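Each value in this text was obtained by applying a stated rule to the coordinates, not by laboratory testing. These figures come from a predicted structure and were not determined experimentally. For neighbour counting, all protein chains shown are included, and Cβ atoms are generated from backbone atoms with ideal geometry for every residue, glycine included.
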Amino acid sequence: MYLELAGAEVDEPSLQALTLARSYTGGSAVDAVVACDDASRAPSDALGEHGVSTLYLAESDGFATYAPRAAAEALVELVDRVGATALLGPGTERGNEVMAHVAALLDLPFAANCVTAAPSEGGADVTRVRWGGSLLEVARLHTPVALMTVQPHAVAIETVSGAEPAVEPFSPSVSEPARAMRVTETVGASTGGISLADAKVVVSGGRGAGSTEGFAIVEELAGLLGAAVGCSRAVTMAGWRPHTDQVGQTGTKIAPDLYIACGISGATQHMAGCKGAKRILAINADREAPILASADYAVIGDMHEILPALSAAIRATRS
Ligand SMILES: Cc1cc2nc3c(=O)[nH]c(=O)nc-3n(C[C@H](O)[C@H](O)[C@H](O)COP(=O)(O)OP(=O)(O)OC[C@H]3O[C@@H](n4cnc5c(N)ncnc54)[C@H](O)[C@@H]3O)c2cc1C
């Protein structure tokens, strides 16, 4: 099981994937691997309670920043060394990229975004999310090593009582071209420090916001709710917000407790990114807008009137 790190901790999609990995093994413990540039940066999580028996630390200075090909080379080396017959990872953008490199290096098929997986004769049977969540595909992988990623937010994390894993550092040989393919600079997202993917509340604006300036009322409401700001692709295409704010099939997949979609029609490609939300509040001028079919609550009207009124009401309750 390939684990991604968020700082010193294993990220949530990886813990979700660990739960699926345990169901793949029929409940037995699994071995896991993280890539880090220094053993002191090994994850601080209690991985025993996620069913990890051995944690391999792939150490290389090439892992100081995200380096997908280098991570893939380390995974391929480990798969070979331990004789793994399955390798799972989180179905994040990065997890899928690393596993795609592994598949290319091993010249084997790869099933991304699985929601179930079980070993089968000569491979694995999987159910996986396709076309931005609009269909579930049941497929069989015919392969000596089943390469799979797990759809984020589709599997609830389950813990077990288990001893802390044995930690085994190793130094993979990483090729020079692989080292060259790495992140050299990280530019902060414009979500006011709250990660869109992990936010409990997200306030998004669509074409109905009208302009870059039209997002001031979206930001104001988000600020009051401690929420992240998101948007539709119509907005990023118009250049009103950066792509990092986009929710959807080709944007970020979110699973907040509350998603407030303002001036967003609810195209399938947008809903693919927010259908993990526990509750959706749609604010839309059109009572026939498709998003109303998925919304738990709706306010029909002009977002440029409703959002300032909502913000004012929240302020009034706090004063
Ligand atoms: C391959 C592919 C991938 C895509 N990926 C994504 C993706 O990741 N994310 C994404 O969002 N889209 C994606 N799209 C685009 C998607 O199909 C839609 O075009 C897009 O989501 C529409 O954005 P929108 O809802 O903001 O705009 P529109 O569809 O134009 O809807 C605007 C909505 O705002 C309402 N409105 C207008 N004025 C107001 C007002 N003053 N107050 C309140 N409501 C108002 C309207 O009634 C309407 O419902 C993708 C498309 C393709 C083909």
Original post:
What list of ³J(HN,Hα) values in whole Hz, one per residue of the stretch 218-230 in order, does the Karplus curve 6.51 cos²θ - 1.76 cosθ + 1.60 (θ = phi - 60°) give from phi, with Gly and Pro shown as x?
Top reply: 5, 5, 4, 5, 4, x, 5, 8, x, 9, 8, 9, x
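Where does each of 202-215, 136-149 land if you order them by average Cβ count within 10 Å, highest first?
With the highest mean Cβ count within 10 Å placed first, the list reads 202-215, 136-149.
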Original post:
Based on the Cβ-Cβ distance from V187 to V299, what FRET efficiency comes out when R0 is 30 Å, to the nearest 0.05?
Top reply: 0.30
Original post:
Say each of V82 and A285 gets a label point 7 Å from the Cα, pointing the same way as Cα to Cβ; how far apart are those two points in nm?
Top reply: 5.6
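If the chain between S161 and T244 were fully stretched, how many nm would it gain, using 0.36 nm times the residue separation less the Cα-Cα distance?
Full extension from S161 to T244 adds 26.1 nm.
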**OP:** Find the Cα radius of gyration of the stretch 245-319, compare it with 2.2 N^0.38 Å by division, and give the number to two decimals.
**Re:** 1.14
Subject >> Per-residue [θ]222 nm for the chain (sum of -39500 (n - 2.57) over DSSP H runs n ≥ 4, rounded to 500) >> reply: -8000 deg cm²/dmol
**OP:** Taking H placed 1.01 Å from N in the peptide plane, check which residues at least 5 places from E168 or on another chain put their amide H under 5 Å from its amide H.
**Re:** L55, Y56, L57
Original post:
What spacing in nm lies between the two simple spin-label points modelled at S319 and F170, each 7 Å away from Cα in the Cβ direction?
Top reply: 6.4
**OP:** May I ask you to derive the relative contact order of the stretch 83-191, considering only C-alpha pairs under 8 Å and at least 6 residues apart, and to give it as an integer percent?
**Re:** 27
Subject >> Percent of Cα pairs exceeding the 18 Å cut-off, where the set is the stretch 1-122 >> reply: 48
Original post:
What is the antiparallel percent of DSSP beta bridges lying wholly in the stretch 22-163, to the nearest 5?
Top reply: 50
Original post:
Once you have the alpha carbon radius of gyration of the chain, what is it after dividing by 2.2 N^0.38 Å, with N set to its residue count?
Top reply: 1.08
